[in-house]
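Okay, so here's the structure we're looking at.
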Amino acid sequence: AMVLPFQFAYKDGEPDGFDTRWLWLTTAFFLSDMILSFLTAYTAGDMEADAGKFVTSKVRIARNYMQTWFLNDLCSTLPWGPVASSFSSDTTGSSSTVQVAKLTKIMKFIRFLRLMRMLRLAKLAMIWERVEARLGSLALKQSIALFRVILVLVIICHWNACIFWMVGQPKSLFTEVLSDEDMATWQRLPHWSTVSRGRAGEEWSWMEKAPFDQYIFCFYWTLGVMRTMPAEVTPENNVERIYVMAFMFFAFSAFAICIALITQTFFKFSERKRMFDDDMAQVRGYMRNLRVGGVSEKLQGSVKSHLRHLFDTRRTHAKESQMISFLPPSLQGELKYERLVGHLQSKLTLLADLPSKAAYYIADICEIRDILAGACLSREGRQAECCWIRINGRLKPRSSDVIDMDSLIDAKATSSEITIHAVSPAEMIRIYNAHSPHRAPP
């Protein structure tokens, strides 16, 4: 998709070493992909008896591939250049000169069949969905989305750089379809690539430049057209003008869409924090106007630290919360278990003597609570009504990751052995014991 258009535009003569190596490298890669396609299982379609299941039968895999992608892959894998050379070398004599010329022209266009591999980009959409499902970082996901939009811009500029150069040449791939009379008429027209430029005595044209310089200029010119009309070159005939106008209509739209996507992606990096900061500004204004002089500094600090804690633990300003609320209770329970099982197994030592299924039942009766800074979780000598397990936040004493675990084991009511406070807002797991008046009935 990138190399072949460049070869058509800037390397229309004899292939060099890179072209030959690239041809056989891509041919070997495409051929290996065809071989693997005969060995790769596929999901049975709706019209098959085992719809939705993986098909591993070699015969069925081969038949499915032959009926779907085989012809496309074969046409895009064959090295049409060497095939054309072999045919032309077999024809001898002056009577076959015209046939060889026609065959050469045809083979130039048949090389476009290798672009049929781009139809396989449908596979990339499925692979991309799987990659997105595994991306845990929102910043990484947005970075890849930003890169994807920029890549689309680069591809548009690359393709137009190749097409614009061919349109502006007296002889190119496009002129191969013209008759001799039409080609002579086209070559007599002025072209932007052949117009003399520079000062008197130092004239030059873009046709005299190196291919790399030609490509870089066309790429730069394309990017300029997507924003405005560059002044370095202008169309010199009606065909060039029509093409440039058509591309400008497309470029304005494509550039506007890409810029909008880039802007949206950029703002998504900090969208959640920006919304939180705006809401916090409203909260601060509310506390200042609640009474003359505003509320006390201590209360303001407590409110702000607790709201910050809720934001950090995604209890607020979290888009996934609404989506998860639509799930059935069974799935919500499984998600809750996946979140808590690590803390339960590592901190609740009594699970070591219980069956593995016990962790699931305990997670089901757990509550996740957000504790204010300074709140008392247990007081020495008082009856323990529940067991607390720390998820995050700081407690005093610091070693108190599990509080009153014995109250879950003893048949009689137990008292707390130590007083524990939350030094900072904390996220805790609460498990009521059998003696708590707050425990839900079985």
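Matching residues to (1) within 30 Å of Gly198 (Cβ to Cβ); (2) more than 35 Å from the chain's Cα centre (by Cα); (3) not aliphatic (A, V, I, L, M):
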{"site": "Ala251", "(1), (2), (3)": "yes, no, no"}
{"site": "Phe276", "(1), (2), (3)": "no, no, yes"}
{"site": "Gly285", "(1), (2), (3)": "no, yes, yes"}
{"site": "Gly294", "(1), (2), (3)": "no, yes, yes"}
{"site": "Arg308", "(1), (2), (3)": "no, no, yes"}
{"site": "His317", "(1), (2), (3)": "no, no, yes"}
{"site": "Ser321", "(1), (2), (3)": "no, no, yes"}
{"site": "Pro329", "(1), (2), (3)": "no, no, yes"}
### Task
Determine, yes or no, whether Ser321 is closer than 30 Å to Val283 by Cα, hydroxyl-bearing (Ser, Thr, Tyr) and not in a strand (DSSP E or B).
yes
### Output for the stretch 367-382, where each listed residue is open to solvent by less than 40 Å² (accessible area, probe 1.4 Å), among the hydrophobic types (A, V, I, L, M, F, W, C) and farther than 17 Å from Arg315 by Cα
Ala375, Leu377
## Note on the structure
Apart from one, (1) within 20 Å of Leu307 (Cβ to Cβ); (2) of a type in the set (A, V, I, L, M); (3) open to solvent by 60 Å² or more (accessible area, probe 1.4 Å) all hold for Ile409; the odd one out is (1)
### Task
Go through the residues of the stretch 242-264 one by one and say whether even a single one is part of a helix (DSSP H, G or I), among the hydroxyl-bearing types (Ser, Thr, Tyr), modelled with pLDDT of 85 or more and in contact with a Leu (Cβ under 9 Å, 6 or more places away or on another chain).
no
### Task
Pick out the one residue from Gln345, Gln300 that is surrounded by 13 or more Cβ atoms within 10 Å (Cβ to Cβ), touching a residue at least 12 places away in the same chain (Cβ under 8 Å) and in contact with a Lys or Arg (Cβ under 9 Å, 6 or more places away or on another chain).
Gln300
## Note on the structure
A careful count of residues in the stretch 200-219 that are under 12 Å from Cys162 (Cα atoms), without any contact (Cβ under 8 Å) to a residue 24 or more places away in the chain and surrounded by 14 or more Cβ atoms within 10 Å (Cβ to Cβ) gives 1
### Message
I'm told Arg227 meets every condition in (1) surrounded by 12 or more Cβ atoms within 10 Å (Cβ to Cβ); (2) at pLDDT below 90; (3) charged (D, E, K, R) except one. Can you identify the failing condition by its number?
### Response
(1)
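Within the stretch 52-72, is even one residue under 18 Å from Val3 (Cβ atoms), part of a loop (DSSP other than H, G, I, E, B) and hydrophobic (A, V, I, L, M, F, W, C)?
Going through the stretch 52-72, the residues under 18 Å from Val3 (Cβ atoms) turn out to be none.
Within the stretch 52-72 (the criterion being under 18 Å from Val3 (Cβ atoms), part of a loop (DSSP other than H, G, I, E, B) and hydrophobic (A, V, I, L, M, F, W, C)), the answer is no, since none of the residues qualifies.
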### Message
What's the total number of residues in the stretch 245-274 that are open to solvent by 70 Å² or more (accessible area, probe 1.4 Å), under 23 Å from Gln142 (Cα atoms) and among the aromatic types (Phe, Trp, Tyr)?
### Response
3
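The values are calculated or read from the model by the stated rules, or taken from the named source; none is laboratory data. Here the structure is a predicted model, which means the values were calculated and not measured. Glycine gets a Cβ as well: all are built from the backbone with ideal geometry, and neighbour counts include every protein chain shown. Quick note on the areas: whole protein, heavy atoms, side chains included, nothing else; ligands and nucleic acids left out. Shrake-Rupley method; radii C 1.70, N 1.55, O 1.52, S 1.80 Å.
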